[in-house]
Amino acid sequence: KDGCSGKGLLRLFGKVLGEDNIEDMGQLKEALTQKKEKRIIVMEGLQYMFLRKVGGTDNLEQFLLLLSETQKHVFWINSCTEHAWDYLNKSLQMGDYFGYIVKLGELSDQEMIQLIRKRQKVSGYKLEFVPSSAELESSRFQKMSVEEQQKQLEKDFYNQLNKFALGNISIAIMFWMRSTLEVKNDTIMIGSMKDYDFRFIKSLDAEKQFLLHALLLHDGMTVEEYSQVMHMEKARARLQLIQMADDGLLLEFNGYY
């Protein structure tokens with residue numbers, strides 16, 4: 001993420017291109033166009049190249065200009081989260097800089113099952129699905145054999161997982177891992193997702209909802225970035241993020257929430 005802002009972006013491209021003396025976008029453009037052979041450059045995470053503040057899109061706009069000026073020499077492939085794309089497309093008309101825009105749709109239940117099973121096979125563990133409280137009280141469920149119960153629980157789990165993840169593989173994997181109740185010998189016990197309750201979100205005050213919206217738009221931020229976007233002192237920004245993390249609403253990883 002640090003490599004996608006200001007001089008960090010120049011250092012990143014300089015390292016990839018083997019050019020240590022790139023100091024501005026003009027030199028970067030020259031480095032990308034000076035060779036006859038065409039390049040294919042895959043750059044993921046355009047949502048990390050901006051902050052929702054005055055002047056916060058300068059680096060991204062320079063990058064989009066670079067795309068336009070080097071398109072005859074470079075075939076660019078970029079990715080962006082859906083929420084950030086919608087925001088940037090409305091504010092910067094970002095879609096005009098790309099010849100093709102491909103929006104990934106939701107995965108089918110079967111595709112989701114195959115994805116999780118591949119992950120599970122690598123781990124070497126078996127899966128056992130644990131029924132929810134409602135299923136334990138169901139007479140229809142009780143009449144099933146153990147094998148039939150596991151098939152029904154597996155089907156319901158992946159159906160619910162896909163509804164939550166909406167085709168986002170990272171979120172699907174996260175929900176799958178967080179559904180782990182315990183590990184017994186070589187078996188992972190997976191809890192039902194029917195017991196998940198998201199109604200608490202409606203009870204959050206406006207300030208916390210704005211916080212979640214800002215993090216969703218930027219796909220995560222540091223304390224410094226959050227304080228800039230929300231126009232507040234770093235101490236207060238840090239306190240808000242820590243409180244939300246303590247409540248289990250946020251994850252902190254290497255300084256990013």
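The values are calculated or read from the model by the stated rules, or taken from the named source; none is laboratory data. Small disclaimer: the values here were computed from a predicted structure and weren't measured. A quick note on method: Cβ atoms are made from the backbone with ideal geometry, for glycine too, and the neighbour counts reach across all protein chains shown. We work out accessible area using only protein heavy atoms, side chains counted, and drop any ligands, DNA or RNA first. Shrake-Rupley method; radii C 1.70, N 1.55, O 1.52, S 1.80 Å.
Miscellaneous remarks
- Loop-resident GluC sites (Glu not before Pro) (DSSP state other than H, G, I, E or B) in the range 29-98 with no more than 14 further Cβ atoms inside 10 Å of their Cβ: GLU37, GLU44.
- DSSP-defined antiparallel bridges as percent of all bridges, the chain, nearest 5: 35
- Distances between placed amide hydrogens fall under 5 Å for MET43 paired with ILE77, ASN78, SER79, all partners being 5 or more residues away or on another chain.
- One Cα centroid belongs to the range 18-91, the other to the range 228-243; the line between them spans 29 Å.
- Cα gyration tensor, the range 15-164 - rounded (a/c under 1.5), prolate or oblate: prolate
- In percent, rounded to a whole number, the relative contact order of the chain is 16, using alpha-carbon pairs under 8 Å and six or more apart.
- Within straight-line cross-link reach of LYS202, lysines at Cα separation under 25 Å, skipping those fewer than 8 residues along the same chain: LYS163, LYS194
- Remark on LEU250: its backbone amide H falls under 5 Å from those of ALA245, a criterion applied only to residues 5 or more positions apart or on other chains, H modelled at 1.01 Å from N.
- Excluding same-chain neighbours fewer than eight residues apart, the aspartates and glutamates reachable from LYS184 by a Cα-Cα span under 12 Å are GLU128.
- Each helix, a run of at least 4 DSSP H residues, gives -39500 (n - 2.57); summed and divided by the residues of the chain, these come to -15500 deg cm²/dmol at 222 nm.
- Options (1) 181; (2) 142; (3) 224 - which one matches volume of the Cα convex hull per residue in Å³ as calculated here: (1)
- Contact order for the range 152-257, expressed relative to its length and based on alpha carbon pairs under 8 Å spaced 6+ residues apart, stands at 16 percent.
- When each of LYS29/LYS90; LYS53/LYS234; LYS15/LYS36 is checked by Cα-Cα distance, pairs over 24 Å: LYS29/LYS90
- The range 164-257: C-alpha gyration tensor shape, a/c 1.5 cut-off, then a/b vs b/c: prolate
- Gain on full stretching of the segment that runs from LEU166 to VAL130 - 0.36 nm per residue minus C-alpha separation: 10.6 nm
- Fluctuation leader among LEU241, LEU166, LEU212 - the chain, Gaussian network, Cα springs under 10 angstrom: LEU166
- Taking the chain as a Gaussian network of alpha-carbon nodes connected by springs under 10 Å, the highest mean-square fluctuation of the residues LEU181, LEU32, LEU51 belongs to LEU181.
- In the chain, the portion of solvent-accessible area held by carbon and sulfur atoms comes to 51 percent [1.4 Å probe, whole percent, DNA, RNA and ligands not counted].
- Convex hull volume per residue, computed on the Cα atoms of the range 90-160, equals 168 Å³.
- The chain, accessible area per residue, ligands and nucleic acids excluded (1.4 Å, Å²): 65
- Residue-wise HN-Hα coupling along the range 138-150, computed from phi with Karplus coefficients 6.51, -1.76, 1.60 (Hz; x: Gly, Pro): 7, 5, 5, 5, 5, 7, 6, 6, 4, 5, 5, 4, 5
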